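*Asks:* The following block contains the structure, expressed as structure tokens.
The values are calculated or read from the model by the stated rules, or taken from the named source; none is laboratory data. Computed from a predicted structure; not experimentally measured. Because the Cβ atoms are built from the backbone with ideal geometry, glycine has one as well, and the counts that use them run over all protein chains shown.
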Amino acid sequence: MGIELVVFDIAGTTLHDESNVAKVLQQTIQLAGVSVTVEEVNEVMGYAKPYAIRYLLQQKQDSRYSDQVFITQLHDRFVEDMKTYYATHPAVREKEGVSAVFAALKAKGIKVALDTGFDRAITNVILERVGWQQQGLIDAVATSDQVPFGRPYPYMIYNIMEELEIRSIQSVAKAGDTISDLEEGTNAGCRYVIGVTTGAYTREELEKGPHTHLVATLDELLSIL
């Protein structure tokens, strides 16, 4: 059975990222009067952001981690700051060669999808900026707010499979730059779970997660598939 679908993460995998997401999330947590490092924030990159905020507060023994209203308020601020960043910052761009990889996969009859720890509001701003949908390069997008649980749960991948009428998880590959991406793909049962070592996690860090392959650039996917 060949691969019919590749599900890619966004920030750090297909979208250039210089710890920008981590820095904005760090600033959001600091608004609550809690100090966290970028390294601590990177540990929860890839997860749904309300979960990430709650986890970081809990790790700092801040009792507000269980206050859903407070978590929602912080997340709303994070969303607005991220939307502004992705809409206006000159550094926002796809990682080198991503559009060419998408086009090559589609030329082989393989569907291309995105899933993300972002919600739909942030994701729409990103997609508008990079133009992948307008160019017909992606077939489906799943965001963490449209499923009961985001990564490392497999539901975004299953949601995409249902939308695109993909029968078997053995015909699906997952690619991402965080441990949560690798866990998501593994929990879903994907045939290939591919870590991208030029994002939030180093190669050494990704080696500790479940995977079938590690790559530095997405064009290496083409030889794997």
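*Asks:* Name the residue that is nearest to the chain's Cα centre (by Cα), counting only residues in the stretch 106-122 that are farther than 18 Å from Glu163 by Cα and crowded, with 23+ Cβ neighbours inside 10 Å.
*Replies:* Looking at residues that are farther than 18 Å from Glu163 by Cα and crowded, with 23+ Cβ neighbours inside 10 Å, I get Gly117.
*Asks:* Go through the stretch 67-98 and count every residue that is β-branched (Val, Ile, Thr) and over 19 Å from Asp119 (Cα atoms).
*Replies:* 1
*Asks:* Give Asp9, Asp81 a once-over and let me know the one that is touching a helix residue (DSSP H, G or I) at 6+ places or on another chain (Cβ under 6 Å), outside the structural domain of Ala173 (by TED's automatic domain parsing) and in contact (Cβ under 8 Å) with a residue 40 or more places away in the chain.
*Replies:* Among Asp9, Asp81, only Asp81 is touching a helix residue (DSSP H, G or I) at 6+ places or on another chain (Cβ under 6 Å), outside the structural domain of Ala173 (by TED's automatic domain parsing) and in contact (Cβ under 8 Å) with a residue 40 or more places away in the chain.
*Asks:* Out of everything in the stretch 34-76 that is outside any helix (DSSP H, G or I) and within 23 Å of the chain's Cα centre (by Cα), what residue ends up being nearest to Thr14 (Cα to Cα)?
*Replies:* Applying the filter and picking the extreme gives Gly46.
*Asks:* Next question, about the same structure. Residue by residue through the stretch 40-66, note down the ones that are aliphatic (A, V, I, L, M) and farther than 18 Å from Thr116 by Cβ.
*Replies:* Leu56, Leu57
*Asks:* Quick test for you: out of Val21, Val79, pick the one residue that is of a type in the set (A, V, I, L, M), at negative phi, in a helix (DSSP H, G or I) and touching a strand residue (DSSP E or B) at 6+ places or on another chain (Cβ under 8 Å).
*Replies:* Answer to the selection: Val21.
*Asks:* Only residues that are crowded, with 24+ Cβ neighbours inside 10 Å and modelled with pLDDT of 95 or more: list them for the stretch 181-203, please.
*Replies:* Those that are crowded, with 24+ Cβ neighbours inside 10 Å and modelled with pLDDT of 95 or more: Asp181, Leu182, Glu184, Gly185, Cys190, Val193, Ile194, Gly195, Val196.
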